[in-house]
Amino acid sequence: MRDQSLQSQTIDFLRIVCAGMVLIIHSFAVSADPWNTSVYDAIRILSAQGICRTAVPCFFFISGYLFFSSLGEWNWDCWKGKMRRRLRTLVIPFLLWGVIMVLYRFCHYWVLYHDMDHFREFLSARGWILTLWNDARFDGFSTVDPARAYPLNYPLWFIRDLILICCATPLIHWFLRKTRHWGILALSVFYLANIWIPLEGFNIEGLFFFSAGALLQMQGYDLLPLFSQHRKWYFLLSGLFLLLMLFTFGSHEPVYLLFRRLYSICSVPALFLIVSTLLDRKRIRPNSLLSESSFLIYCAQAIALGTFGLLAETLLKGSSSFVLLSRCIFVQVTTFIALVFVYWILKRYLPRLANLLTGRSSFSYNRS
């Protein structure tokens, strides 16, 4: 019972940790520039292109593990109940936050240009409904890898992909029941080689980690005891692949991506072990407000980062390494605090709206 309670607390705390990691990734200017001597670039690459890259794989892994609770043996009634819950916890928030981003862009163009022509031109290239699914203006994402095409509200690609994977769970269950660990091994080969169907919203990274979590749940494993058996190897290999990522970033892109995928495989268990150890030793304590606000932080960060980014450029002028780093830290901290505060206000005064926007938190351990 103690292990189950600690596992529940760990998964709950990982929600805010991973949401914060995604915020850090998006707050730094993402480019493929190699290392240089600036402190800003060193921190940018170490965090946004290194350590924090475990966040989304961890989200997919947790989602697969939770979805298949009570589904070790297939049950259509149980599956239908889970899918009805996903309608509330994933589909409705996905649509709402997509529309909110369109409205934000409307306000953005109205404030900057004081007319509607720019906004109509902005939507006419794709159509506002399609921008909720895939915004073609992200040329590098949509043309190079269609499976990773981004919606206009770009963090929502994870929610979109998770919706599709949940729809495919009957096939995933059949596949894992027939192949077991051999199926996961095959998916890992496709994942490491980056070979998959070029279909928008159905990427191999999400399928691999979701299926890995699903198989462990189907086989009845408790995660923390399982991961603890090889904890030294997870930490050692995570550190090794992280170093190799940093040395190859910007200069050997295919090699960097391979090491990044290997790092993700090793760092998800390592992250579980770090958080569970800190919770077990009382170095950190569960915080319901932070955990519950993680969904809003994830979905609203694109809007908040754009707003506080403009504020930071106004307050902190210059292009030195110190100014760039100070500006980025300012944006990260203010965005995080502001969104937690927004969630607190909504929860206290508009609880129904808070539940609608956050889907009552689809990453909650107790919400399978």
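Quick one: would you say CYS299 is under 24 Å from TRP157 (Cα atoms), free of Cβ contacts under 8 Å to residues at least 40 places away in the same chain and crowded, with 19+ Cβ neighbours inside 10 Å? In short, no. Condition check: surrounded by 13 or more Cβ atoms within 10 Å (Cβ to Cβ) and in contact with a Lys or Arg (Cβ under 9 Å, 6 or more places away or on another chain). Does LEU346 satisfy that? No; evaluated as a whole, the condition is false for this residue.
Matching residues to (1) within 17 Å of the chain's Cα centre (by Cα); (2) modelled with pLDDT of 95 or more:
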site	(1), (2)
PHE235	no, yes
LEU242	no, yes
LEU246	no, no
HIS252	no, no
SER267	yes, yes
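Close contacts from region 81-96, counting a first residue that is buried (at least 19 other Cβ atoms within 10 Å of the Cβ) and a second that is among the β-branched types (Val, Ile, Thr), with Cβ to Cβ under 6 Å and a gap of 6+ residues or different chains, come to LEU90/ILE159; LEU90/ILE163; PHE94/ILE159. In the condition set (1) farther than 17 Å from VAL17 by Cα; (2) in contact (Cβ under 8 Å) with a residue 24 or more places away in the chain; (3) not basic (Lys, Arg), SER294 is compliant with all but (1).
Residue count for region 239-255 under the criterion of being in contact (Cβ under 8 Å) with a residue 60 or more places away in the chain, hydroxyl-bearing (Ser, Thr, Tyr) and assigned to a helix (DSSP H, G or I): the result is 0. Residues that are crowded, with 19+ Cβ neighbours inside 10 Å and farther than 18 Å from ILE45 by Cβ within region 318-339 comprise THR335, PHE336, LEU339, listed in sequence order.
So that you can scan it fast, the table gives a plain yes or no per residue for (1) at pLDDT below 95; (2) among the acidic types (Asp, Glu); (3) under 30 Å from ALA270 (Cα atoms); (4) in contact with a Leu (Cβ under 6 Å, 6 or more places away or on another chain):
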position: PHE28; (1), (2), (3), (4): yes, no, yes, no
position: ALA32; (1), (2), (3), (4): yes, no, yes, no
position: ILE51; (1), (2), (3), (4): no, no, yes, no
position: VAL56; (1), (2), (3), (4): no, no, yes, no
position: GLY72; (1), (2), (3), (4): yes, no, yes, no
position: PHE106; (1), (2), (3), (4): yes, no, no, no
position: LEU112; (1), (2), (3), (4): yes, no, no, no
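Within region 59-77, the residues that satisfy the criterion of being in a helix (DSSP H, G or I) and loosely packed, with under 15 Cβ neighbours inside 10 Å are TRP76, ASP77.
Report the residue count in region 215-248 for those that are among the small types (Gly, Ala, Ser) and closer than 30 Å to LEU152 by Cβ. Residues that pass the stated criteria total 0. Exactly one residue among LEU132, LEU90 is under 27 Å from ALA55 (Cβ atoms) and at pLDDT 95 or above, and that residue is LEU90. All told, LEU271 meets the bar of being under 20 Å from the mean Cα position of the chain (by Cα), surrounded by 16 or more Cβ atoms within 10 Å (Cβ to Cβ) and either of a type in the set (Lys, Arg) or closer than 24 Å to LEU162 by Cα (or both).
The values are calculated or read from the model by the stated rules, or taken from the named source; none is laboratory data. Predicted model, so just to flag it, every value in this text is computed and none were measured. Using ideal geometry, Cβ is built from the backbone for each residue, glycine included, and neighbour counts are taken over all protein chains shown.
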